[in-house]
1. So how do 203, 194 line up by other beta-carbon neighbours within 10 Å, fewest first?
2. Could I have the simple spin-label model distance between residue 149 and residue 112, label points 7 Å from Cα toward Cβ, reported in nm to one decimal?
3. What is the mean projected area of the alpha carbon convex hull for segment 138-191, to one decimal in square nanometres?
4. Taking the beta-carbon count within 10 Å as an exposure proxy, list 154, 188, 197 from fewest neighbours to most.
5. Once Rh is set to the Kirkwood radius over Cα pairs, what Stokes-Einstein translational diffusion coefficient, in µm²/s, holds for segment 96-226 at a temperature of 4 °C and a viscosity of 1.567 mPa s?
6. Could you check the simple spin-label distance between residue 131 and residue 80, using points 7 Å along Cα→Cβ, in nm with one decimal?
7. Could you tell me the relative contact order of segment 28-225? Use alpha-carbon pairs under 8 Å, at least six residues apart, and round to a whole percent.
8. Before rounding to the nearest 500, sum -39500 (n - 2.57) across all DSSP H runs of length at least 4 in the chain and divide by the residue total; then give [θ] at 222 nm in deg cm²/dmol.
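Every number in this text was worked out from the coordinates using simple rules, so none of it is lab data. Remember, it's a predicted structure, so these values are computed and weren't measured experimentally. When we count neighbours, we look across all protein chains shown, and the Cβ atoms used for this are built from the backbone with ideal geometry, even at glycine.
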């Protein structure tokens, strides 16, 4: 099973005008602002060090970087072409290269976190685990924890199934109902107990699920480093 959410036509789609925006799901301005404002509402400060896991072509980054001190935003993604496109098409035209050094963006697979010597106050993974089986959350939590500052927080999104949904059923998500998710293939949904399982034995506290007005119905989970 391929875990690449962009599949085989990636290069063709990326080469289209604004392809780097459309390929990650569109909603460029809406989702970038939503992520920035959510972090600000939950205490993000300009002095915080932020790790954007699955940062892609920097839909969130181009909004978050201006409110942080220079060099405090870092991003990882499994696709170099998306990182390159985000830097070239978004960061440079916005004049943000002085606040986001190119070396703060890195190719990474399986949640290996580079940037030696940096501890993060906040980590964000928006629409990452909607494309991955639940055990990848456990791997992410394990590898992320040693890189978090004391009291660090991790925010990540899921499609969440109600307890009554049969394990072999798909579901559609409000408000728009345009996404159908599954328990066994991409896009994935999970149950709350799946997330609780993933955090067992980790130095994290799962602090619950929150509706954050995501236009396609993803729910935000909060984790606190302990």
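1. On the way: 203 13, 194 20.
So the ranking, lowest neighbour count to highest, is 203, 194.
2. 2.7
3. Details: hull surface 20.6 nm².
Directional mean of the projected Cα hull area for segment 138-191 stands at 5.1 nm².
4. On the way: 154 24, 188 20, 197 15.
Fewest to most other Cβ atoms nearby, the residues stand as 197, 188, 154.
5. On the way: Rh = 15.8 Å.
It comes out at roughly 82 µm²/s.
6. 1.8
7. 18
8. Numbers: 7 runs with 52 residues, N = 226.
Theoretical 222 nm ellipticity from helices: -6000 deg cm²/dmol.
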